[in-house]
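Input: a single structure, listed below in structure tokens.
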Amino acid sequence: MTARVSAKLAKPSKKPTKSSSAMELVTADGVPLLIERSDAVPLVHVQLTFSRGTVHDPVGKEGLSRLLSKMLRMGTKQLRASDVEDRVDSMGAQLSIGAGASYLGVSGVVVERNVEEFFQLIGELLTAPAFRPKDLAQQKRETLASLEQLCDDDRSLCGRHFRALAMGKHPYGRPIGGSSKSVRAVQLKDIEAQYRKLITAKDLVIGVAGPLSGERVAELCDKHFSRLPRRAPVVEHVAEPEAPKGLRIVVVDKPERTQTQVAIGTTGTHSRDRDHVPLIVANTAFGGLFSARLTQEVRVRRGLSYGASSSVGVDRARELWSMWTFPSATDAVGCIELQLKLLADYVAEGPSERELQRAKSYLIKSHAFEIDTADKRLDQRIDEIVHDLPKGYHDNFLDQVRAVDRASAHAAMAKRIRVDALAMVVVATAKDIVPALKALPGVSSVDVVPFDRI
Amino acid sequence: LSTARPSVNPLQTVPFGTGLTLHRTTLRNGLKLLMLPDATAPVLSFHLWYGVGSRHAKAGKTGISHLFEHLMFNETRKLPAGELDRLIEARGGSTNASTWVDWTHYHTDLPAGELDFIARIEAERMHHLVLNDAALTSEKDVVMNERRFRVDDDIEGTVGEKLYSLAFTRHPYRIPTIGHMRDIKGFTRKDCEQFYKTYYAPNNATMIIAGDLKPKQALACIEKHFGKLKPARIPAPRKVVEPAQRAERTAELRWPTPTAKIVLGYKSPAFPDEAYGVLTVLNEALFGGRGSRMWRRLVHKTGLCADVQASPSPFADVGLYEMSFSLRQGAKVREVLRVVDEELRDIQRTPMSEAELSKVKNRLELGFLLGLESAYGKAEQAGFFEVVAGDATGLFTRLETYRTVTAKELQSCARTLLNKSTRTRVTVLPKGGRP
């Protein structure tokens, strides 16, 4: 199946303020419990999110938290990994355990009739993991295999190298899944130590969406999640990343490419910055919509790339602003030159009044789709806690969008998007493109890395 | 007194699952209309399916359905280029489209209350699209870039194209939906105008609207915008019978990749067939998640593969049951094939246990319910069943098949379908590597 466009826009929005089915309780253990009641379908969504993640992986052991999340699925002293999978499938459930920069999370969905058994299983996995050496060997093997597979996915390769280049030595620049070297270095004692570091009820928020009353949810949580460890959460300050000066380029060299993948960007905003929402609005007008300037100029007017978009990342510390295209190998340098010019012009002048109004209108009116199902509403509330967003971030978002004018949008772009401090990653056949990239104005470095060095 | 014949037939209602009602009618000009009122969220999901896909392409014109899908977002008589996207996005909506072998599907999500707007826009582009050379040139460039992205530089896309061109010798399912590069380059405005006149008409379209709507008012709105559009003479579908495959077909590709891959395609039942539902259950046992037979054996136990996936193609005619295996570095193709064949023989010889069958059915039921959570999901699923299987409520009949299928029926399905003689195999080897 082929589709017209694949770019998706990630943006925050507002939770419902009327006819709201939202509840906020606290378990007997003092864990925040967020509930979204909905009778739309007989499914219960569950999320247990611990608010520390891969930024706390030791240097040289990148991928440790991700491996821990996989090991939590490998069973308990009473349950083998295959028993866990059988139980999940038999219940009519899906279970996912994963880790990101700022969290380790268990999420799942189950048909309502089996909710008790599902909560029980999650509780057992989190409180009594087996951590068998053979399971770790298995998980390391699977992780190394998925790193090998990454070499076939040019877009993911681009993203991995772009993050590393743009964030440098900052923890956000390290690969969440690790490298082949760091994954091999992980030992069972590291897994156990990371479990003690991340899994604590004092760092946990629980969310449940579906056709259950608050009372019933609280009862289930008290019964099945009350034996979680209650160690003091780890306190490690994550500094704000900074973008070095110059246009730094990395070419990921892959043979026989007829098409390139291009990511260009720099550090963006922190959610607590005063110009955070103005930057989101300004970015929406620049590359966050199909009718936005970047997409119109790159794709619609010139047909240079199938996709062209830009986005603002949000996390606990300052995240990246980035723009993405994938032009043909012959058009790549022309497309990059155009993107850099569009960006420089936009940073210098800001959006037009028409562009601004269109972006604001989109952000305000599309909020209905951010909250049209119970689990999306739950996601927003958990997002606020996990990413340490200002209290009421989603509730107040639309009012803040309404308040953005041309001056504030322009100021946010001018202050945050420094065109003299950009990182660029191009997945391409290096010999075809490196000389032209070196000739771009303002280039401070061009490095070439082989595509299969992961 | 008006003596004009109303241009719409009365609304019929049928239950849609346990909590919803499907309202349906056909306008006099042949436009099929289905509505699923659901006020759980203040949103609308508006879908329009045209009965044209890559199977309808003529020789030398592969990819025209898909290129045309792109062109439908350009200029109309009343809307200058780019205005369609601007208007939808300014209302907080999002729109997209997709093309496959049997159909082209346009969909727009909007806040509730915007039905009149989107109906006006869709009627406008169904009948008054403006085609010009500049837009065609630019869109051809975009589609050629999309082809590089999805096929030429993508191993999965390249293998998929090879698999279907090898498995089908006559049926147009052998044609890639995106089209061959030389054909995309060669399209003229005249080709596109002719295609538009031939296939874009109310009697070749099915509309599904789900979400916060009132059926009678919605019907009046659709009648207002579409009722006067004239039907076209849609060419009768070509009935092509694919000759029976009597021996395994194979191909080998070399690619810049560190790991080998194997893709298998067995001839599979057409989507409307009940046997397709049975195969879906069988597939879930073999490939559905980490507890499935193939995952356990190839990824977990032997470590021969990094990933295994499979699905039967949901086509109106006989398609392919596709299986793909991503090998670990150093794993041998013949060893993986040996294990795959062993697993397939086992499911053919030994009936599945009740516990395994129950597990598989529960997984499918969950997937079914998840697909119905949003207005988009409801409209998309109902529309797909209506267009490909001829009945939107067939969705629930299919669920019933999942629930009632027996171990014996699954065994019989495996015996009938999983024969090497109807198999096509494409192997990908790392450049410079050995099998």
Inset, instruction - Per residue of the stretch A:111-123, in order, report the coupling 6.51 cos²θ - 1.76 cosθ + 1.60 (Karplus, θ = phi - 60°) as ³J(HN,Hα) in whole Hz, putting x for Gly and Pro. - result: 5, 3, 5, 10, 4, 4, 5, 5, 4, 4, 4, 4, x
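In the stretch A:60-151, what is the volume of the convex hull around the alpha carbon atoms, normalised per residue and reported in Å³?
About 117 Å³ per residue, rounded to a whole number.
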Legend entry - HN-Hα J in Hz across the stretch B:185-202 - Karplus 6.51, -1.76, 1.60, θ = phi - 60°, x for Gly and Pro: 4, x, 5, 10, 4, 4, 4, 5, 4, 5, 4, 4, 5, 6, 10, 9, 8, x
Legend entry - Evaluated over the stretch B:88-226, the Cα radius of gyration and Dmax, each in Å: 18.1, 50
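Determine the shielding of peptide B:68-75 by partner chains: average, over its residues, the number of Cβ atoms on other chains within 10 angstrom of each Cβ.
That average works out to 2.
If the viscosity is 1.002 mPa s and the temperature 20 °C, what translational diffusion coefficient in µm²/s does Stokes-Einstein give for the stretch A:291-341 when Rh comes from Kirkwood over Cα pairs?
The diffusion coefficient I find is 184 µm²/s.
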Inset, instruction - Give the residue from B:V130, B:A119, B:G186 lying farthest towards the positive end of the charge dipole for the stretch B:103-202; charges sit on Cβ (+1 for Lys and Arg, -1 for Asp and Glu) and the dipole is referred to the Cα centre. - result: B:G186
Inset, instruction - Rounded, prolate or oblate: pick one for the protein assembly as shown, where a ≥ b ≥ c are the square roots of the eigenvalues of its C-alpha gyration tensor, a/c under 1.5 means rounded, and failing that, prolate if a/b is larger than b/c, else oblate. - result: rounded
Legend entry - Extension gain, A:E192 back to A:R274 (0.36 nm per residue minus Cα-Cα distance, nm): 25.5 nm
Legend entry - D (Stokes-Einstein, µm²/s), Kirkwood Cα radius, the stretch B:127-168, 1.306 mPa s at 10 °C: 131 µm²/s
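Multiply the residue gap between A:K134 and A:S226 by 0.36 nm, knock off their C-alpha separation, and tell me the result in nm, one decimal place.
30.2 nm
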Legend entry - Nearest 10 degrees, 0 to 90: helix A:353-365 Cα axis against chain A principal axis: 10 degrees
Inset, instruction - Taking the convex hull of the Cα atoms, report for chain B its projected area averaged over all directions, in nm². - result: 22.7 nm²
Inset, instruction - For each pair in B:K332/B:K420; A:K341/A:K365; A:K376/B:K216; A:K61/A:K245; A:K70/A:K169; B:K185/B:K230, compute the distance between the two Cα atoms and list the pairs where it is over 22 Å. - result: A:K341/A:K365; A:K376/B:K216; A:K61/A:K245; A:K70/A:K169; B:K185/B:K230
Legend entry - Cα-Cα separations in chain A greater than 41 Å, expressed as whole percent: 21 percent
Inset, instruction - Would you mind finding the longest exposed-site-free stretch of chain A, with exposed GluC sites (Glu not before Pro) meaning DSSP loop and at most 15 other Cβ atoms within 10 Å? - result: A:1-235
Inset, instruction - Within the stretch B:69-90, find all residues whose amide N lies under 16 Å from a label point positioned 7 Å from the Cα of B:N132 along Cα-to-beta-carbon. - result: B:71-84
Legend entry - Fewest-first ranking of B:I209, A:I433, using other Cβ atoms within 10 Å as the exposure measure: A:I433, B:I209
Inset, instruction - Show the residues, 5+ positions off or on another chain, whose built amide H is closer than 5 Å to the amide H of A:D315. - result: A:S271
Legend entry - Averaged over B:355-365, number of beta-carbon atoms from partner chains that fall within 10 Å: 4
Legend entry - Extension reserve of the B:T188-B:Q329 stretch, reckoned as 0.36 nm per residue once the Cα distance is removed: 46.2 nm
Inset, instruction - Relative to the longest principal axis of the C-alpha atoms of chain A, give the angle of the C-alpha long axis of helix A:81-91, reported between 0 and 90° and rounded to the nearest 10°. - result: 90 degrees
Legend entry - GNM result for chain B, Cα springs below 10 Å: residue of B:A123, B:A414, B:A355 fluctuating most strongly: B:A355
Legend entry - 3J(HN,Hα) from dihedral phi, the stretch B:356-367, Karplus parametrisation 6.51/-1.76/1.60, rounded to Hz, x for glycine, proline: 5, 4, 5, 4, 5, 5, 4, 4, 5, 5, 4, x
Inset, instruction - Any chance you could tell me what percent of the C-alpha pair distances in the stretch B:1-142 go past 28 Å? - result: 29 percent
Legend entry - For the stretch A:435-454 versus the stretch B:200-235, the gap between their alpha-carbon centres in whole angstrom: 53 Å
Inset, instruction - Just the ratio, please: alpha-carbon radius of gyration of the stretch B:228-310 over 2.2 N^0.38 Å, N its number of residues. - result: 1.66
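Laboratory data are not the source of any read-out in this text; all were calculated from the coordinates shown. Quantities reported herein were computed from a predicted structural model and do not represent experimental measurements. Here Cβ is always computed from backbone atoms with ideal geometry, including for glycine, and neighbour counts include all displayed protein chains.
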